[in-house]
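In what follows, a single structure is set out as structure tokens and then discussed.
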Amino acid sequence: MDPQLTSVDVLEFTGVAAYADKLATYQKTTGLKDAVITGIGLIGPYRTALGVMDFSFLGGSMGSVVGRN
């Protein structure tokens, strides 16, 4: 639904690796911008929304994009 959205590190998390570095790594290795992919479609005559979490992207981490959608 929002393919241009990408997570940002607004809280500037640090630790073993900075969150911004982790985001860049997982974006590169998975080809995804975030852990969630959303869309709208039809099941028969019914309009349906779908959200799918990809656990390979930071273990399905709830970044700013996941929280927004």
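The values are calculated or read from the model by the stated rules, or taken from the named source; none is laboratory data. As the structure is a computational prediction, the values presented were derived from the model and not from experiment. For neighbour counting, all protein chains shown are included, and Cβ atoms are generated from backbone atoms with ideal geometry for every residue, glycine included. We work out accessible area using only protein heavy atoms, side chains counted, and drop any ligands, DNA or RNA first. Shrake-Rupley method; radii C 1.70, N 1.55, O 1.52, S 1.80 Å.
I'd like the full set of residues that are within 28 Å of Thr29 (Cα to Cα) and open to solvent by 80 Å² or more (accessible area, probe 1.4 Å), limited to segment 39-48.
Ile40
So, Val66, is that one at pLDDT below 65, open to solvent by less than 80 Å² (accessible area, probe 1.4 Å), of a type in the set (Val, Ile, Thr) and within 11 Å of the chain's Cα centre (by Cα) or not?
yes
Residue pairs, Cβ under 9 Å, 6 or more apart or interchain, first in segment 41-59 and of a type in the set (Phe, Trp, Tyr), second modelled with pLDDT of 85 or more and open to solvent by 50 Å² or more (accessible area, probe 1.4 Å). List them.
Matching pairs, first to second residue: Phe57/Tyr26; Phe57/Gln27; Phe57/Thr29.
For segment 27-38, which residues satisfy the criterion of being within 10 Å of the chain's Cα centre (by Cα) and open to solvent by 50 Å² or more (accessible area, probe 1.4 Å)?
Gln27, Lys33, Ile37
Considering segment 4-41 alone, what residues qualify as being modelled with pLDDT under 80, more than 15 Å from Asp54 (Cα to Cα) and of a type outside the set (Gly, Ala, Ser)?
Gln4, Leu5, Val8, Asp9, Val10, Leu11, Glu12, Phe13, Thr14, Val16, Tyr19
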